[in-house]
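Contents: one structure, followed by commentary.
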Amino acid sequence: MFFPISGVHINPLLLGILGLVIGILGGFFGVGGSFLSGPSLFSLGMPYNFVVGTDLIHIVGKSIVAARQHRILGHIDLKLAMAMVVGTLVGSETGVDAIEALKRSGEVNLVVGLTAIAVFTGISIFGAWESWQALRKSRATPSDADGQKKDILVFDRLAKLFHGLPLPPRISLKQSGIARISIWSIVLVSYIGGFFSGFLGGGAGYIRMPAMVYLLGIPTHIAVGTDLFEIIISAGYGAIRHAMNGNVDILVALVMHTGAAVGAQLGARLTQYFSGPWIRLAFAPLPLLGAIMVATTLITSHHS
Amino acid sequence: MKEPIQKVLHYIAIELVVYAILAIAYFCLVLQFLGTWLAELFHEQRIYYVVASVLLMTGQAIGLERLVTGLSHIIRSGKK
C-alpha cells in the first residue's frame, strides 16, 4: 500500500503486526519500544528522518492506551509523574542540544552509537544480575493473599542514598510507598531519562524504568505505569517537534497503532501475573537487543 | 481478584481475532478517506497537519482503548 506522505510502499498488515509486538512489550515493560520499531520501519523502506518522527507519535498513542490500563490497575503514581515532567522536558532539550553539538563536530554517529552500546549493555547486565538475585531471595519469602510474591530489590544502596538526600522540598509518595524524598532526587532521575530520550531517541523507558526502580526505590509495577505516563510527555514533545520539521507520516503511525493499541492493553494486563523481579529479569535482554542493533548499524555504515 | 492465566489467554485469543477484523476495516477506511487530505495538509499547511496528527493519534488511542475494553467485557460476559 502506498503512503503518500513519506512516499513509501509498505504492507499495512506488517505495520499492524509490528505495532502489536511493540505494544505488548510497551504495556508489559513500560517502554516505548523504539529500539525495535525504529530499525524495523527503516528495514521496511522508510527514510530515517520519517522513522524517528513517525515512531515517536506512534509511541504516544500506544503509551496513552497502556497508561490508561495501568491507571485502572493502580500502577501510576500521578504525584511522582507530575514531579518528573519538568526534568524530563529539560533533559530532553539538553539531549537534543548535545546531538546538535556532536553534529557540528562530525562525530555524532560514533559517539551516540558507542554511548548507546555502553548504556544498553550496562543496564542489561546489571538488571539481569539484580533481578536474578532478587528472585532467589524472593523464593524464601511467603506470597501475599493473591499468591503474588513481594517486590524485592536486592540492590537498594543507591535508592537509600537518594531517599536520604536532605535538600528541601521533600515530598511523600504514598502510591509508591515512599515516606519522604527530596523533589531534587526525582528531578535528577527524570532529567537523566529526558536526556537519553533526546540523545538516543525514543521515549527512553529503557533508562527511566530501571532508574525509577534502582535510584528512587519505586516498586516495579508503579515504575512501569508511571514511566508510560512520562513517555507520553517526552515522546509527545519530540513528536510535535519532528512533525513541525516534516518528519512524521501520521498514516503509517495510525496503521501501526491499530496493532499497538491492543498489544499495549494485553501487555499491561499480563503484568498482574508476574512479580517485580520476574518483570525486571524479562526486561534485561531488551536493552542488549538494542545494543546489538546499534552495533550492527555502526559496523555496516562504517563499511558502506 | 485475578482470573487464572489460562482463562485470560483464551479470552485474549478471541479478542485478537475479533479486533483484527475490526482493525483491518478501520485502517482501510482511514487510508481511503483521510490519506489525500492529510497528504495535502502535510505539504501545504504544516501547522494544521501537526494539530490534526496529534488529535488523530490521541483520538484513536482513546477510541481503540475503549473498543478493546468493550470487546473484552462482551466476550467475557458472553462466555459466562
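Summary of values
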| quantity | calculated |
| --- | --- |
| Number of positions in the stretch B:60-80 that are more than 9 Å from chain A (Cβ to nearest Cβ), without any contact (Cβ under 8 Å) to a residue 24 or more places away in the chain and β-branched (V, I, T) | 1 |
| Qualifying residue in the stretch A:43-53 (condition: part of a helix (DSSP H, G or I), of a type outside the set (D, E), free of Cβ contacts under 8 Å to residues at least 60 places away in the same chain and surrounded by 24 or more Cβ atoms within 10 Å (Cβ to Cβ)) | yes |
| Selection status of B:L9, free of Cβ contacts under 8 Å to residues at least 24 places away in the same chain, closer than 28 Å to A:G74 by Cβ and assigned to a helix (DSSP H, G or I) | yes |
| Single unsatisfied condition, A:P47 versus (1) within 23 Å of B:G63 (Cα to Cα); (2) more than 17 Å from the chain's Cα centre (by Cα) | (1) |
| Test: A:G122 is at pLDDT 85 or above and within 20 Å of A:R280 (Cβ to Cβ) | yes |
| Among (1) more than 14 Å from chain B (Cβ to nearest Cβ); (2) farther than 23 Å from A:M212 by Cα, the one test that A:G95 misses | (2) |
| Residue list for the stretch A:78-104, filter: of a type in the set (S, T, N, Q) and surrounded by fewer than 24 Cβ atoms within 10 Å (Cβ to Cβ) | A:T94 |
| Selection within the stretch A:8-35 - under 18 Å from A:G205 (Cα atoms), touching a Leu at 6+ places or on another chain (Cβ under 6 Å) and surrounded by fewer than 24 Cβ atoms within 10 Å (Cβ to Cβ) | A:I24, A:F28 |
| Whichever residue in the stretch B:25-52 is of a type in the set (S, T, N, Q) and closer than 21 Å to A:H9 by Cβ and, among such residues, is surrounded by the fewest Cβ atoms within 10 Å (Cβ to Cβ) | B:Q32 |
| Any hit, the stretch B:40-59, residues being among the polar types (S, T, N, Q), facing chain A (nearest Cβ under 9 Å) and assigned to a helix (DSSP H, G or I) | yes |
| Hits in the stretch A:220-251 - residues which are surrounded by 24 or more Cβ atoms within 10 Å (Cβ to Cβ), more than 20 Å from B:E65 (Cβ to Cβ) and within 13 Å of chain B (Cβ to nearest Cβ) | A:G238, A:A243, A:V248, A:D249, A:L251 |
| Residue in the stretch A:286-297 that is within 12 Å of the chain's Cα centre (by Cα), under 30 Å from A:F3 (Cβ atoms) and surrounded by fewer than 22 Cβ atoms within 10 Å (Cβ to Cβ) present | yes |
| Residue in the stretch A:50-70 that is within 12 Å of chain B (Cβ to nearest Cβ) and of a type in the set (K, R) present | yes |
| Scan of the stretch A:26-45 for residues that are among the aliphatic types (A, V, I, L, M) and either closer than 17 Å to A:G238 by Cβ or within 14 Å of chain B (Cβ to nearest Cβ) (or both), ordered by number | A:V31, A:L41 |
| Residue ID - surrounded by the fewest Cβ atoms within 10 Å (Cβ to Cβ), chosen from residues in the stretch B:4-24 that are more than 7 Å from chain A (Cβ to nearest Cβ) and within 21 Å of A:I10 (Cα to Cα) | B:I21 |
| Any hit, the stretch A:98-107, residues being within 15 Å of the chain's Cα centre (by Cα), at negative phi and touching a residue at least 12 places away in the same chain (Cβ under 8 Å) | no |
| Residue under evaluation A:Q265, criteria (1) within 22 Å of A:I17 (Cβ to Cβ); (2) away from every other protein chain (no Cβ under 14 Å); (3) at pLDDT below 85, criterion not met | (2) |
| Hits in the stretch A:270-285 - residues which are surrounded by fewer than 21 Cβ atoms within 10 Å (Cβ to Cβ) and assigned to a helix (DSSP H, G or I) | A:L270, A:Q272, A:Y273, A:W278, A:L281, A:A282, A:P285 |
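To keep it simple, each residue is scored yes or no on (1) farther than 26 Å from B:M57 by Cβ; (2) in contact with a Lys or Arg (Cβ under 8 Å, 6 or more places away or on another chain); (3) surrounded by fewer than 18 Cβ atoms within 10 Å (Cβ to Cβ); (4) among the hydroxyl-bearing types (S, T, Y).
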| position | (1), (2), (3), (4) |
| --- | --- |
| A:L56 | no, no, no, no |
| A:S63 | no, no, no, yes |
| A:A67 | no, no, no, no |
| A:R71 | no, no, yes, no |
| A:I76 | no, no, no, no |
| A:G106 | yes, no, yes, no |
| A:L110 | yes, no, yes, no |
| A:G113 | yes, no, no, no |
| A:A118 | yes, no, yes, no |
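The values are calculated or read from the model by the stated rules, or taken from the named source; none is laboratory data. What you see is a predicted model; the values in this text were computed from it and never measured. When we count neighbours, we look across all protein chains shown, and the Cβ atoms used for this are built from the backbone with ideal geometry, even at glycine.
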